[in-house]
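Heads up: the structure comes next, in structure tokens.
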Amino acid sequence: MNATSLRRMSALLFAMLVPATLAAAQPPVPGPVISKYDRANSNGDVAGQSITPQAPPTLYWYDGDRRRLLVPAREAATASSDPAVSARSATLSATAAAGGKDATMAAIRAAGKSATFIDADGSGKARSLPGGVVVTVANPTTQSDLDDLLSEFGTRVLRPVGAGGRVWLIESGAGLDALTLANTIHESRKVLSASPNWATARKTK
């Protein structure tokens with residue numbers, strides 16, 4: 001190999017090695033700061049831990065035509081003057097805070113009429129659902145006719161509310177049963193409005 005060939009080979013090796021050496025010497029470019037929640041894979045696993053976000057349950061009722069969101073009352077003292085009822089309310093509050101949607105709904109259902117709620121916007125007092133739904137119809141009606149109308153919902157009229165034949169109290173279970181039935185009847189549009197028969201919770205004196 002002559003001198004010219006050696007010079008050409010040296011130049012070629014220099015051209016190949018220098019860019020790689022310079023690139024390796026460059027400091028790494030910092031990436032975005034990612035929290036452990038953002039690093040979760042599609043299964044929700046992070047560093048051996050499982051992250052399963054729980055959405056709060058969607059609870060609501062109709063105040064006339066206005067749909068109002070509800071949240072479980074957090075203060076056990078608002079539930080009842082009965083210590084046993086207050087204890088159940090405290091358990092409900094703790095479960096709602098720690099257990100996620102499914103656990104919260106199960107706790108509310110188990111609490112029955114002792115479960116208390118407040119409007120999500122913070123208005124109004126804590127209230128419970130002892131049972132019953134208040135139904136308002138557009139025109140005066142009789143108990144018999146209203147019973148026929150409500151038969152598909154598996155309920156019946158208990159008594160009129162006031163005079164005039166437009167507002168009636170109908171039968172339902174307590175707690176979530178009353179809330180669910182009121183919403184189902186209201187959303188059927190077969191009556192003017194339907195709302196739970198709320199009872200204002202009393203604070204312990």
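In table form, for the structure just shown:
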quantity: Potential lengthening between R156 and K125 on full extension [0.36 nm per residue; Cα-Cα distance subtracted]; calculated: 8.3 nm
quantity: Cα shape, the stretch 121-205, gyration tensor, a/c 1.5 rule; calculated: prolate
quantity: K190-L69 pseudo-label distance in nm [points 7 Å out on the Cα-to-Cβ vector]; calculated: 3.0
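Each reported figure results from applying straightforward, stated rules to the coordinates on display, with no laboratory input. Source: prediction; values computed, not measured. Every residue, glycine as well, gets a Cβ built from its backbone with ideal geometry; the counts of neighbours run over all protein chains shown.
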